[in-house]
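This report refers to the structure that appears directly beneath it.
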Amino acid sequence: MTMTKARMLAPVVGLALLATTVAACGTLGGAAVGAGAGAAIGAGTGKGAGKGALIGTGIGAAAGAIYDVTKK
């Protein structure tokens, strides 16, 4: 790839990454909140913070994705 093509392609790739990050904001936020809540619940119940965090991450990511799709 020539330098000119790389210079022309860089802003397009950057904007695509930014759009992907903005679109996935609810999913990432939901996963983070779910991981924290799951770890706290897992530690509180004696089942282990790690296992609770994994389950909470999955549930939070799913809830965040649903929120992103349905929000106005």
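Over the chain, average the accessible area per residue using a 1.4 Å probe and give it in Å², no decimals. Per-residue accessible area for the chain comes out at 73 Å². Comparing mean-square fluctuations of Gly50, Gly14, Gly38 from a GNM of the chain with C-alpha springs under 10 Å, the top value falls on Gly14.
Kyte-Doolittle cut-off 1.0, length cut-off 27 Å along the helix's own axis using Cα: show which whole DSSP H helices in the chain pass. Kindly include the intermediate steps, with their values, before the conclusion.
Details: long enough: 3-23 (30 Å, 1.34); 25-45 (30 Å, 1.10); 49-70 (31 Å, 0.90).
What comes out of the filter, once short or polar helices are dropped, is 3-23, 25-45.
Could you check which residue among Ala16, Ala53, Ala32 shows the biggest mean-square fluctuation in a GNM of the chain with a 10 Å Cα cutoff? Between Ala16, Ala53, Ala32, it is Ala16 that shows the largest mean-square fluctuation. Take the Cα radius of gyration of the chain and divide it by 2.2 N^0.38 Å, N being the number of residues; the result is 1.62.
The values are calculated or read from the model by the stated rules, or taken from the named source; none is laboratory data. In this text the structure is predicted, and so the values were computed from the model without any measurement. Ligands, DNA and RNA are excluded from the accessible area calculation, which covers all protein heavy atoms including side chains. Shrake-Rupley method; radii C 1.70, N 1.55, O 1.52, S 1.80 Å.
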